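Beneath this line is the structure, given in structure tokens, with notes to follow.
Each reported figure results from applying straightforward, stated rules to the coordinates on display, with no laboratory input. Note that the structure is a prediction, hence the values are computed from the model and not measured. Note that each Cβ is placed from the backbone with ideal geometry, even for glycine, and that neighbours are counted across all protein chains shown.
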Amino acid sequence: MRDWAISLLRCLECRGTRLQSRPAEVVCETCGRSYPENDDVADFLFRPHAAVLRERDAVHQLDREGQTVDDHARDVLRRLDAGAITAPDS
């Protein structure tokens with residue numbers, strides 16, 4: 001990334017202005033957060049944590065199946081008792 005552009009950017013995590021361009025990434029020297037860089041452009045898009053994505057997918061699955069959280073929990077416990085737990089249950 002070009003030096004003149006780095007001085008205009010701020011870290012999304014800590015709002016720090018001490019960013020450093022490294023090969024294939026831009027790194028905040030204040031908090032250590034890194035942002036991927038493609039073709040001399042830093043990617044500052046928000047990406048939620050993996051746990052948030054799993055929880056969001058679980059809620060969407062419940063909505064698609066038309067179950068309440070209690071119904072789903074009972075179904076998972078029945079499968080667990082029967083030894084028939086499935087990958088989406090974990």
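For Arg2, Arg79, the sequence from fewest to most other C-beta atoms within 10 Å is Arg2, Arg79. Relative to the longest principal axis of the Cα atoms of the chain, the long axis of helix 50-65 makes an angle of roughly 40 degrees.
Name the residues whose placed amide hydrogens come within less than 5 Å of the amide hydrogen of Val26, ignoring near sequence neighbours (fewer than 5 apart) on the same chain. Counting only residues 5 or more places away or on other chains, the set is Tyr35, Glu37.
A helix-only calculation puts the chain at -11500 deg cm²/dmol for mean residue ellipticity at 222 nm, using -39500 (n - 2.57) for each DSSP H run of at least four residues, averaged over all residues. Taken about its Cα centre, the chain carries a charge dipole of roughly 280 debye when the Cβ of each Lys and Arg holds +1 and the Cβ of each Asp and Glu holds -1. Computed from these coordinates, which is percent of Cα pairs over 18 Å apart: (1) 41; (2) 60; (3) 67? So the calculated entry is the one marked (2). Selection among Ser21, Phe44, Ala84 by position relative to the dipole of the chain gives Ser21 as farthest towards the positive end (Cβ unit charges, Cα centre). When the chain is treated as a Gaussian network with alpha carbon springs shorter than 10 Å, the biggest mean-square fluctuation among Asp57, Asp70, Asp43 belongs to Asp70.
Loop-located GluC sites (Glu not before Pro) across the chain with a Cβ neighbour count of 13 or fewer within 10 Å are Glu13, Glu29, with loop assigned by DSSP.
Between Ala42, Ala58, Ala73, the residue with the greatest mean-square fluctuation in the GNM of the chain (Cα pairs under 10 Å linked by springs) is Ala73. Mind telling me which of Leu80, Leu19, Leu45 comes out most flexible in a GNM of the chain, alpha-carbon contacts under 10 Å? Top of the fluctuation ranking is Leu80.
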